[in-house]
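Data block below; observations after.
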Amino acid sequence: MTIYKTKTHGFTLIELMIAVAIVALLASIALPSYNAHTEKTRRADCKVALSTVAQQLERCMTLYGDYTSANCPALITGSDEGYYDVAVVRTATTFTASCAAAAGSPQANDDICVTMTLANTGARTATDSSATDSTAECW
């Protein structure tokens, strides 16, 4: 009597589970890094919005000699991509533009750059979620 030995092809369950565990480990390391990178990249949307507001206000000052002139065009209230809301506090001779993450936007999870500001003097500041200065990380 002859016994034929057949070869089995494929993976065992244990090999498959090891591969799944390795992929899960790599994902647990890569995903937070990716999220931090995308938050940092989206901050450019705030910088563009603040620069746009500053440019509009400087044009207003040049044309009318006043940041609060009624002849000045309406200022933007949000960033181009919609990640940030923009607010401006201005007097006749000064302004401070600030942006904060829009409610419900993916940027609302950014705890490092909660508020970013730009003043008429060019001074840039930023604060984190505990109101600590985070200008170096954000600008």
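Rule-based calculations on the coordinates, nothing more; no lab input. The model shown is predicted, which means the values in this text are computed figures rather than measured ones. Here the Cβ is made from the backbone with ideal geometry for all residues, glycine too, and neighbour counts use every protein chain on show.
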List the relative contact order of the chain as a percent without decimals, with contacts defined as Cα pairs under 8 Å and 6+ residues apart.
16 percent
For TYR83, TYR34, ascending order of other Cβ atoms within 10 Å (fewest first) is TYR34, TYR83
Give me CYS99, CYS138 ranked fewest to most by other Cβ atoms within 10 Å of their Cβ, as a rough exposure proxy.
CYS138, CYS99
Proxy reagent accessibility, fewest Cβ within 10 Å first, across LYS7, LYS40, LYS47
LYS7, LYS40, LYS47
Can you tell me the length gained on complete extension of the stretch THR77 to ALA30, counting 0.36 nm per residue apart and subtracting the Cα distance?
13.5 nm
Kindly express, to the nearest 10 degrees and within the range 0 to 90, the angle between helix 13-64's C-alpha long axis and the longest C-alpha principal axis of the chain.
10 degrees
Show the residues, 5+ positions off or on another chain, whose built amide H is closer than 5 Å to the amide H of VAL86.
GLY78, SER79
Would you compute, for the Cα atoms of the chain, the largest minus smallest coordinate along each principal axis and list the three values in descending order, in whole Å?
107, 29, 21
Of ALA49, ALA19, ASN35, which is farthest towards the positive pole of the range 3-139's charge dipole, taken about the Cα centre with +1 and -1 on the beta-carbons of Lys, Arg and Asp, Glu respectively?
ALA19
Give me the one-decimal nm value for the distance between modelled label points at THR52 and THR2, 7 Å along each residue's Cα-to-Cβ direction.
8.0 nm
